[in-house]
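The values are calculated or read from the model by the stated rules, or taken from the named source; none is laboratory data. Note that this is a predicted model, so its numbers are computed, not measured. With ideal geometry, Cβ positions are generated from the backbone for all residues, glycine too; neighbour counts draw on all protein chains shown.
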Amino acid sequence: MIKLEFEHRQAGHCENGVTSNLLNYHQYKISEPMVFGIGAGLFFSYLPFMKMQHAPTTTFRVWPGMIFDRLTKELGIQTVILKFRDPRESMTKLNEVLDQGYPVGLQVGTYNLTFFPPEYRMHYNMHNMVVYGYDHETYFVSDTLMEKLVEISYEDLMRVRYAKGTFAPMGRMYYPTYVPKEINLKPAIINGIYKTANNMVGVPFFPLIGVKGIRYLARQMRKWEKKLGPEKASYYLGQVLRMEEEVGTAGAGFRFIYGAFLDEASRVLNQEWLKELSIEMGENANKWREFSYYGSRNCKKRGKADQSYDFLADMLMDCADREEKIFKKLAKIK
């Protein structure tokens, strides 16, 4: 049996929490917001050509693994990142790494994740968790969404590591092997802010990502009911809301985390104006929450007559305007 001394801590978002907890195991303390900010995790894209559960894909974060990869490179941390064609080979390698004394981050699908409550299970393949030991056919898991440490069987773990569909994990596993004793956060923070600002307001010509993507979604939303019919329009809206509020922290939650990052960064860099922007980001996060609230009422047919798709699209346009203002300021950081 292998059971490493791994400190389990809950987090707002799985990949942030896994990254923070893995580095904590290697005696480097870093907060979840700092992981998210340096890893440039905040993002937006609306991809009508890529379907998830028969509706266009809306994402509020960068692709799976990018936060871990960006953060560790910025901080000079050595890592191993692997994918496998053969599921059995991936499980053998997982055991070998655990035997060497390294807890391992895994990307998994949630539909067959046995320790998840039924209402959490969906065809979503971008979840992350840590395996910190095993005993024969049982694996010990730290999942930042769960209050306590949990367990999963060999077969069930292999099944979620090879979930099918969009962003299939393909047995992806990752772990740090070396963390420098001294790390200068300042350049990493600035680079992380630059990357996020560029993703949100700096990409020309492509209308589906960043602030442009939010506005594109708003324009499409105005047409949904007439173009798709009431039932399918409601389904499309529900999919946006699921991606915003139920899947991987998403819209408002990510903006609260990013606001906390800007607050922490203001102290590290001694730049007070970042604290002011952290407050603006929190206010904007509340606007996203309002959009979720009124959108859910619309889906349940409880919205007032004036809380139509046009009303919701106007709310998205307001969020886009706010974020454009914030990230254009952040793009000028020195």
Does segment 55-86 hold any residues that are more than 13 Å from the chain's Cα centre (by Cα), of a type in the set (Lys, Arg) and buried (at least 16 other Cβ atoms within 10 Å of the Cβ), and which are they?
Arg70
Residue pairs qualifying under the 8 Å Cβ cut-off, at least six apart or on distinct chains, with the first in segment 222-237 being farther than 13 Å from Ala313 by Cα and the second being among the polar types (S, T, N, Q) and surrounded by 12 or more Cβ atoms within 10 Å (Cβ to Cβ), are Ser234/Asn298
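If we scan segment 170-178, do we find a residue that is out of contact with any Lys or Arg (no Cβ under 8 Å at 6 or more places or on another chain), surrounded by fewer than 18 Cβ atoms within 10 Å (Cβ to Cβ) and either within 21 Å of Arg61 (Cα to Cα) or of a type outside the set (D, E, K, R) (or both)? It would help to see each step written out before you state the result.
Keep residues of segment 170-178 that are out of contact with any Lys or Arg (no Cβ under 8 Å at 6 or more places or on another chain), which gives 174-178.
Those still in the list that are surrounded by fewer than 18 Cβ atoms within 10 Å (Cβ to Cβ) too: 177-178.
Subsequent filtering for residues that are either within 21 Å of Arg61 (Cα to Cα) or of a type outside the set (D, E, K, R) (or both) retains 177-178.
Yes, the conditions are met somewhere in segment 170-178.
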Taking Tyr102 as meeting all but one of (1) outside any strand (DSSP E or B); (2) hydroxyl-bearing (Ser, Thr, Tyr); (3) farther than 17 Å from Asp143 by Cα, write down the number of the exception.
(3)
Answer yes if at least one residue in segment 146-166 is surrounded by fewer than 22 Cβ atoms within 10 Å (Cβ to Cβ), among the aromatic types (Phe, Trp, Tyr) and under 20 Å from the mean Cα position of the chain (by Cα), and no otherwise.
yes
Flag if Gly101 is over 30 Å from Ser234 (Cβ atoms), in contact with a Leu (Cβ under 7 Å, 6 or more places away or on another chain) and surrounded by fewer than 19 Cβ atoms within 10 Å (Cβ to Cβ):
yes
Does Tyr139 satisfy the condition of being surrounded by fewer than 21 Cβ atoms within 10 Å (Cβ to Cβ) and of a type in the set (Ser, Thr, Tyr)?
no
Asp156 is checked against (1) free of Cβ contacts under 8 Å to residues at least 12 places away in the same chain; (2) out of contact with any strand residue (DSSP E or B) (no Cβ under 8 Å at 6 or more places or on another chain) and fails just one. What number does that condition carry?
(1)
List, please: which pairs have Cβ atoms under 6 Å, are six or more places apart or on different chains, and start with a residue in segment 274-300 that is touching a residue at least 12 places away in the same chain (Cβ under 8 Å) and end with one that is of a type in the set (D, E, K, R) and assigned to a helix (DSSP H, G or I)?
Lys275/Asp263; Ser278/Asp263; Met281/Arg255; Asn284/Arg255; Asn284/Arg322; Ala285/Arg255; Ser292/Glu244; Ser292/Glu245
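Which ones in segment 2-60 are in a loop (DSSP other than H, G, I, E, B), touching a strand residue (DSSP E or B) at 6+ places or on another chain (Cβ under 7 Å) and closer than 16 Å to Val104 by Cα? Write out each step before concluding.
So in segment 2-60, the residues in a loop (DSSP other than H, G, I, E, B) come out as 4-13, 26-31, 39-41, 53-54.
Within this subset, residues satisfying the condition of being touching a strand residue (DSSP E or B) at 6+ places or on another chain (Cβ under 7 Å) are 4, 6, 8, 26, 41.
Across segment 2-60, the qualifying residues are Leu4, Phe6, His8, His26.
Go through segment 230-334 and tell me which helices (runs of 4 or more DSSP H), entirely inside it, have 1 or more residues that are closer than 17 Å to Ala197 by Cα, outside the structural domain of Tyr111 (by TED's automatic domain parsing) and modelled with pLDDT of 90 or more. Reasoning before the result, please.
Working: elements: 230-245, 250-269, 272-299, 309-330.
Those helices (runs of 4 or more DSSP H) span 250-269, 272-299, 309-330.
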May I ask you to say which residue of Gly41, Gly109, Gly65 is farther than 27 Å from Gly210 by Cβ and not polar (S, T, N, Q)?
Gly109
Test of understanding: among Ala197, Ala233, which residue is buried (at least 21 other Cβ atoms within 10 Å of the Cβ) and of a type in the set (Gly, Ala, Ser)?
Ala197
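With respect to Ser90, determine if the residue is buried (at least 16 other Cβ atoms within 10 Å of the Cβ), outside any helix (DSSP H, G or I) and on the phi < 0 side of the Ramachandran plot. Show your work before the answer.
Working: buried (at least 16 other Cβ atoms within 10 Å of the Cβ): yes; outside any helix (DSSP H, G or I): no; on the phi < 0 side of the Ramachandran plot: yes.
Taking the combined requirement at face value, the residue does not satisfy it.
Please go through segment 171-210 and give me each residue that is of a type in the set (A, V, I, L, M, F, W, C), in contact (Cβ under 8 Å) with a residue 60 or more places away in the chain and touching a helix residue (DSSP H, G or I) at 6+ places or on another chain (Cβ under 8 Å), ordered by number.
Selection gives Met173, Val179, Leu185, Ala188, Ile189, Ile190, Ile193, Ala197, Met200, Val201, Leu208, Ile209.
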Checked against (1) in a loop (DSSP other than H, G, I, E, B); (2) over 11 Å from Leu157 (Cα atoms), Leu113 satisfies every condition except (2)
